[in-house]
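Read through the structure below, which is laid out as structure tokens, and then see the notes.
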């Protein structure tokens, strides 16, 4: 029953995100680690309203818009490699989230 670690890597800088994901893939290939992905998700456009002041009079600037790009990578087994990746120092503009799931074979 292997453990599958899913890494979700997010950034507003698509090129930086691709560099980080490529580094993870190349390191995994050198160590013989089985990866699935990276799987690109649809970019998420975020709109944040901006008030001109502290009052609630409705006087606002144009909203601030930001696009977040996401890639997911699954690491099958290789728990030590997955743990090592989560401890890497990533640029401030990159967010990494890890989730671990134990998968069982069919019929169990």
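The values are calculated or read from the model by the stated rules, or taken from the named source; none is laboratory data. Source: prediction; values computed, not measured. Using ideal geometry, Cβ is built from the backbone for each residue, glycine included, and neighbour counts are taken over all protein chains shown.
If residue 73 meets every condition in (1) surrounded by 13 or more Cβ atoms within 10 Å (Cβ to Cβ); (2) at pLDDT 90 or above; (3) in a helix (DSSP H, G or I) apart from one, which number is that one?
(3)
Just the residues that are surrounded by 12 or more Cβ atoms within 10 Å (Cβ to Cβ), out of contact with any helix residue (DSSP H, G or I) (no Cβ under 7 Å at 6 or more places or on another chain) and farther than 15 Å from residue 98 by Cβ, please, taken from segment 1-38.
Across segment 1-38, the qualifying residues are 2, 12, 13, 14, 16, 17, 18, 19, 23, 25, 27, 34.
Against the conditions (1) more than 26 Å from residue 14 (Cβ to Cβ); (2) at pLDDT 90 or above, where does residue 53 fall short? Just the number, please.
Here residue 53 clears every test but (2).
From the set of residues in segment 79-97 that are in a loop (DSSP other than H, G, I, E, B) and touching a helix residue (DSSP H, G or I) at 6+ places or on another chain (Cβ under 8 Å), which is nearest to residue 35 (Cα to Cα)?
90
Being over 14 Å from residue 98 (Cβ atoms), within 14 Å of the chain's Cα centre (by Cα) and free of Cβ contacts under 8 Å to residues at least 60 places away in the same chain: is that true of residue 45 here?
no
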